[in-house]
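Here is the structure we will look at.
The values are calculated or read from the model by the stated rules, or taken from the named source; none is laboratory data. Please read these numbers as outputs of a predicted model, since none were measured by experiment. Counting neighbours? That spans all protein chains shown, and the Cβs are built from the backbone with ideal geometry, glycine included. The protein model used for the area step is the full one, side chains on, heavy atoms only, and it has no ligands, DNA or RNA in it. Shrake-Rupley method; radii C 1.70, N 1.55, O 1.52, S 1.80 Å.
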Amino acid sequence: MKVTVYGGGCKNCITLADNAKAAAKELGIDIELEKVTDMAEIAMAGIMKTPGLAIDGRVKVKGRVATKDEIKKLLR
């Protein structure tokens, strides 16, 4: 499963990535975590406000930090 975090590397983007890792670990799911920092790629994904989160290419969260529990629900 591929999880993509979109953002410029700010504190919120880092927190979102950490939450995604923790959620996957608690579920026992192996994920490939990709971080996209290029603003053109972020815009092409349809994200106008970071951070953003996509699972297997589908954007699930835009403009906020999803909690670990919320990400767990998205990963299931």
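Things worth noting here:
- Sulfur and carbon atoms: percent of accessible area, the chain [1.4 Å]: 48
- Counting only DSSP beta bridges whose two residues both lie in the chain, roughly 60 percent are antiparallel.
- Ranked by the mean number of other Cβ atoms within 10 Å of their residues, highest first, the peptides 18-27, 37-46, 54-63, 4-13 come out as 4-13, 18-27, 54-63, 37-46.
- Quotient of C-alpha Rg and 2.2 N^0.38 Å, computed over the chain: 0.97
- MRE, 222 nm, helices only [DSSP H, n ≥ 4, -39500 (n - 2.57), over the chain, to nearest 500]: -12000 deg cm²/dmol
- Percent RCO, i.e. relative contact order, over segment 22-76, from Cα pairs under 8 Å lying at least 6 residues apart: 32
- Per residue, the chain exposes 60 Å² of solvent-accessible protein surface, assessed with a 1.4 angstrom probe and all protein chains in place.
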